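Encoded as structure tokens, the structure appears first; notes follow it.
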Amino acid sequence: MTDTLLLVGRSHVDDVARVHADRLRERGVADRVSVATYDDPAGLDPDTDGTAYVVPITAAPDRDTTRAIPGAIPDAHHCEPVGTSPAVARAVADRARAALSPAPDVSLALAAFGDGSGSGSWRTTEQQADRLREATEYGGVTTAYLLQNPAVECLRYNLSGESAVVVPFFIAPCEETERAIPEKLELDRGGLTYADPLGTHEAVTDAIEAELAKARAIGSGTAAVSPVATDGRGR
């Protein structure tokens, strides 16, 4: 019997997920570490005669992580999306620091997908913002969302301090991080420094390993996400 760790994400996350998978193989966290995309449901078969653990390589819970993936692999142990992990706050802080050093008159902002109306994206982003308020020396930490208030396009008007760094709360570069957020922020106006998404930061690898450890500790059944019908907001 073998155990398999399956990292599942959208196709644009594939290259980043493979870097994390290579690290996890080097750490020997499981007999097998595989990467699949849920753009192609056929690729979700973990192909194991043992125990499969699934970690969604995405920033926050949504319909895919609460319904589609568990429904496609009903016998696996399903973990929380990697972006929910406390370790990810370290990755965000490092991305911000690399772009603009913390100071009392410098703000840090997380720009996330989704909206601020109680969605999985909102809960996860706000939790990470709370961690960053405790762990960093930025004068203020705020959040904004692509779809609804507090909207990304209004972010610069809601910041305190003389300057700010914006970290896109996404696992990998994509249309949102490369075009949508920069356009809504009007970066060409100046005043905002734009950081990289989480990407291949080693803290993300640590977060994946932590989710695997949590699933193993729980034992039988699913780890943190059950394959039940929800609306993507845990309802």
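Quick check: anything in the stretch 16-28 at pLDDT 95 or above and not in a helix (DSSP H, G or I)? Checked against the condition, which is being at pLDDT 95 or above and not in a helix (DSSP H, G or I), the stretch 16-28 yields at least one hit.
From the list S163, S121, the lone residue that is surrounded by 15 or more Cβ atoms within 10 Å (Cβ to Cβ), at pLDDT below 95 and closer than 25 Å to H20 by Cα is S121. Please find, within the stretch 176-188, the residue that is farthest from A164 (Cα to Cα) out of those that are touching a residue at least 24 places away in the same chain (Cβ under 8 Å) and of a type outside the set (G, A, S). The qualifying residue farthest from A164 (Cα to Cα) is E176. Within the stretch 131-146, restricting attention to residues that are of a type in the set (V, I, T) and assigned to a strand (DSSP E or B), the residue that is surrounded by the fewest Cβ atoms within 10 Å (Cβ to Cβ) is T142.
Can you find a residue in the stretch 184-192 that is assigned to a loop (DSSP other than H, G, I, E, B), at pLDDT below 95 and not acidic (D, E)? Within the stretch 184-192, one or more residues are assigned to a loop (DSSP other than H, G, I, E, B), at pLDDT below 95 and not acidic (D, E). Is the stretch 70-80 home to any residue that is in contact with a Gly (Cβ under 6 Å, 6 or more places away or on another chain), at pLDDT below 95, farther than 17 Å from Y194 by Cβ and outside any loop (DSSP other than H, G, I, E, B)? So far as the stretch 70-80 goes, no, none of its residues is in contact with a Gly (Cβ under 6 Å, 6 or more places away or on another chain), at pLDDT below 95, farther than 17 Å from Y194 by Cβ and outside any loop (DSSP other than H, G, I, E, B).
Just one of the listed residues (V92, V88, V106, V152) is over 23 Å from H12 (Cα atoms), buried (at least 16 other Cβ atoms within 10 Å of the Cβ) and either of a type in the set (K, R) or touching a Leu at 6+ places or on another chain (Cβ under 7 Å) (or both), and it is V106.
Within the stretch 111-130, the residues that satisfy the criterion of being in contact (Cβ under 8 Å) with a residue 40 or more places away in the chain, touching a strand residue (DSSP E or B) at 6+ places or on another chain (Cβ under 6 Å) and assigned to a helix (DSSP H, G or I) are S121, T125. In the set (1) within 30 Å of L185 (Cβ to Cβ); (2) in a strand (DSSP E or B); (3) of a type in the set (A, V, I, L, M), the condition left unmet by V92 is number (2). Answer with yes or no whether D62 is modelled with pLDDT under 95 and surrounded by fewer than 18 Cβ atoms within 10 Å (Cβ to Cβ). No, not satisfied. Can you confirm whether G114 is out of contact with any Leu (no Cβ under 7 Å at 6 or more places or on another chain) and over 18 Å from H201 (Cβ atoms)? Considered against the rule, which asks whether it is out of contact with any Leu (no Cβ under 7 Å at 6 or more places or on another chain) and over 18 Å from H201 (Cβ atoms), G114 comes out as no.
In the set (1) at pLDDT below 95; (2) in a helix (DSSP H, G or I), N149 fails one condition alone, (2). If only residues of the stretch 161-183 that are touching a strand residue (DSSP E or B) at 6+ places or on another chain (Cβ under 6 Å) and part of a helix (DSSP H, G or I) are counted, the one that is farthest from G9 (Cα to Cα) is I181. The residue of the stretch 187-206 that is farthest from the chain's Cα centre (by Cα), among those that are among the β-branched types (V, I, T) and surrounded by fewer than 20 Cβ atoms within 10 Å (Cβ to Cβ), is T193. Condition first: assigned to a helix (DSSP H, G or I), more than 14 Å from the chain's Cα centre (by Cα) and not small (G, A, S). Now tell me which residues in the stretch 95-108 satisfy that. The one that is assigned to a helix (DSSP H, G or I), more than 14 Å from the chain's Cα centre (by Cα) and not small (G, A, S): R97.
The values are calculated or read from the model by the stated rules, or taken from the named source; none is laboratory data. Values in this document were obtained by computation on a predicted structure and should not be read as measured data. When we count neighbours, we look across all protein chains shown, and the Cβ atoms used for this are built from the backbone with ideal geometry, even at glycine.
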